[in-house]
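To keep things clear, I will list the structure first and then write my remarks on it.
The values are calculated or read from the model by the stated rules, or taken from the named source; none is laboratory data. Since the structure is predicted, the reported quantities are computational estimates derived from the model, not experimental observations. Glycine also receives a Cβ, built like all others from the backbone with ideal geometry; neighbour counts cover every protein chain displayed. Each accessible area value is taken on the protein alone, full model and side chains, heavy atoms only, with ligands, DNA and RNA left out. Shrake-Rupley method; radii C 1.70, N 1.55, O 1.52, S 1.80 Å.
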Amino acid sequence: MGKAAQHPSQQFHYIKNRIQMLNQVVSSMDAEDVDIKDFNRVLEMIEQLQVKMSRFKKDWEQES
């Protein structure tokens, strides 16, 4: 998947890219055709993003 982002600017860039990817996924969905699998996929992406942001937050707090 690539090397881990360790510097705050790299971490923020990673988060920014993940949010853009999430936006693309959601934007490509037709609201009339969304089913529970689609909903769960988006939810899983959001949860994974939240986990990553929590890890990065801990890194940032340790650097302070």
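Below are the figures for this structure:
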read-out	value
Number of the condition not met by residue 14 [criteria: (1) among the aromatic types (Phe, Trp, Tyr); (2) open to solvent by 70 Å² or more (accessible area, probe 1.4 Å); (3) under 15 Å from the mean Cα position of the chain (by Cα)]	(2)
Candidates 6, 62, filtered to the one that is in a helix (DSSP H, G or I) and without any contact (Cβ under 8 Å) to a residue 60 or more places away in the chain	62
Number of the exception - residue 45 against (1) touching a residue at least 40 places away in the same chain (Cβ under 8 Å); (2) under 15 Å from the mean Cα position of the chain (by Cα)	(1)
Per-region count, region 47-58, residues over 14 Å from residue 14 (Cα atoms) and surrounded by 13 or more Cβ atoms within 10 Å (Cβ to Cβ)	0
Meets criteria (in a helix (DSSP H, G or I) and either open to solvent by 100 Å² or more (accessible area, probe 1.4 Å) or touching a residue at least 24 places away in the same chain (Cβ under 8 Å) (or both)) for residue 32	no
